[in-house]
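The structure under discussion appears below in the form of structure tokens.
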Amino acid sequence: MNLSQAAVADAAGISHKALWDFENERRATKPDSVDKIRRALEKAGAEFTDSNGHGPGVRLKRRP
């Protein structure tokens with residue numbers, strides 16, 4: 001997966017500035033926007049994982 005910040009923001013339907021602010025912890029991000037970002041990343045192939053002894057994380061989905 002090779003997504004630009006602009007591509008993620010576009011796929012999530014949020015402004016590029018909102019994503020930049022989220023990534024740089026500049027301001028609180030609305031829970032709805034966080035959900036949109038997560039869904040955009042999941043659609044692109046990311047898989048968010050629960051704690052597995054090392055804490056929560058993210059990885060690329062396995063290809064069949």
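The values are calculated or read from the model by the stated rules, or taken from the named source; none is laboratory data. Note that the structure is a prediction, hence the values are computed from the model and not measured. Methodologically, a virtual Cβ is constructed for each residue, glycine included, from the backbone with ideal geometry; neighbour enumeration extends over all protein chains shown. Note: areas computed on protein heavy atoms with side chains; ligands, DNA, RNA excluded. Shrake-Rupley method; radii C 1.70, N 1.55, O 1.52, S 1.80 Å.
Results, tabulated for the structure shown:
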quantity	calculated
Net charge, residue 12 excluded, C-beta distance under 14 Å - Lys, Arg +1, Asp, Glu -1	0
Listed residues 44, 18, 28, most fluctuating in the chain (Gaussian network, C-alpha, under 10 Å)	28
Residue-averaged 222 nm ellipticity for the chain, from DSSP H runs of 4+ at -39500 (n - 2.57), nearest 500	-13000 deg cm²/dmol
Angle in degrees between helix 31-43 and the longest Cα principal axis of the chain, rounded to the nearest 10	50
Backbone HN-Hα couplings from phi across segment 15-27 [Karplus 6.51/-1.76/1.60, Hz, Gly and Pro as x]	6, 4, 5, 4, 5, 4, 4, 4, 4, 9, 6, 7, 7
For the chain, alpha-carbon Rg and Dmax in angstrom	12.6, 39
With all protein chains modelled, accessible area of residue 15 [1.4 Å, Å²]	60
